[in-house]
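J.: Okay, here's the structure, questions in a sec.
The values are calculated or read from the model by the stated rules, or taken from the named source; none is laboratory data. Note that the coordinates shown come from a computational prediction; the quantities given were computed from them, not determined experimentally. Glycine also receives a Cβ, built like all others from the backbone with ideal geometry; neighbour counts cover every protein chain displayed.
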């Protein structure tokens, strides 16, 4: 099942993808379930699948505007240097534990919405990543049980403002400018994905392939990420873990290549769909 969040006629909602459109699930299973986050917090994905079985679309894709898959996550935990080729191009040493930084919810934009190039940087870089959304929360989750805590998988573009990222050894200042993180289009449930390690991941900038790998290339696999993060914080339904980017980032090319207004950037992860965003200049304040 593919779920998405949307806004229409001034109201937010969520739905499931069917042929040529979506079934609107907002308030349909329960009047209190009006978002993906509320659905997965109550573990009602199976009820949603049963509800949409055999149904035709309520809305065409042109009838609504996408929202980030989870518009209001409590936590966005991002993993750095988690593909060997990317670690090599940065010259970073091997580490025993994942490198982690955070994003804020207001840094995210939806599928088809513009990524915003900051006006105080010309080093706005792309990063194709797969994100997971937590369904069942917890602390001290074992690696053996970790996959059962996943509500679904989605595409992410961890747009990075490289000069701010490198002001100190902490990445966060360059990773959470407003409107720099693409998130979507869908949350694809584990039953549809199967073995996530078989998924390809590719980033295209204006149609040119800039990054290409598979999820099997992760240095720290997803069970390790979930287990490790849950050692120092409780994971909750709707939390997002962005799992790392392959080699080929623009900042490490010769000459460097950065995103500029007018660009179109796509993150393609096979079964998860294609996250597509135009790039625009930040509005003048």
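J.: Answer yes or no as to whether residue 100 is buried (at least 23 other Cβ atoms within 10 Å of the Cβ), in contact with a strand residue (DSSP E or B) (Cβ under 9 Å, 6 or more places away or on another chain) and modelled with pLDDT of 95 or more.
T.: no
J.: Under the condition of being more than 19 Å from the chain's Cα centre (by Cα) and not in a loop (DSSP other than H, G, I, E, B), which residue from segment 241-269 is surrounded by the fewest Cβ atoms within 10 Å (Cβ to Cβ)?
T.: It comes out as 252.
J.: Hey, could you check segment 129-148 for residues that are over 18 Å from the mean Cα position of the chain (by Cα) and not in a loop (DSSP other than H, G, I, E, B) and say which is surrounded by the most Cβ atoms within 10 Å (Cβ to Cβ)?
T.: In this case the residue turns out to be 146.
J.: So is residue 221 in the same structural domain as residue 135 (by TED's automatic domain parsing), within 24 Å of residue 110 (Cβ to Cβ), out of contact with any helix residue (DSSP H, G or I) (no Cβ under 7 Å at 6 or more places or on another chain) and touching a residue at least 24 places away in the same chain (Cβ under 8 Å) or not?
T.: Considered against the rule, which asks whether it is in the same structural domain as residue 135 (by TED's automatic domain parsing), within 24 Å of residue 110 (Cβ to Cβ), out of contact with any helix residue (DSSP H, G or I) (no Cβ under 7 Å at 6 or more places or on another chain) and touching a residue at least 24 places away in the same chain (Cβ under 8 Å), residue 221 comes out as no.
J.: Follow-up question, since we're still on this one. Go through (1) touching a strand residue (DSSP E or B) at 6+ places or on another chain (Cβ under 9 Å); (2) in contact (Cβ under 8 Å) with a residue 24 or more places away in the chain for residue 140 and report which single condition fails.
T.: Just one mismatch for residue 140, condition (1).
J.: A further question on this structure: For segment 22-127, list the helices (runs of 4 or more DSSP H) that sit wholly inside it and hold at least 2 residues that are closer than 30 Å to residue 204 by Cα; which are they?
T.: It comes to 36-41, 84-90.
J.: What about residue 42, is it within 18 Å of residue 243 (Cβ to Cβ) and over 18 Å from the mean Cα position of the chain (by Cα)?
T.: It is false that residue 42 is within 18 Å of residue 243 (Cβ to Cβ) and over 18 Å from the mean Cα position of the chain (by Cα).
J.: Sort through 270, 207, 262 and tell me the only one that's without any contact (Cβ under 8 Å) to a residue 24 or more places away in the chain and out of contact with any helix residue (DSSP H, G or I) (no Cβ under 8 Å at 6 or more places or on another chain).
T.: 262
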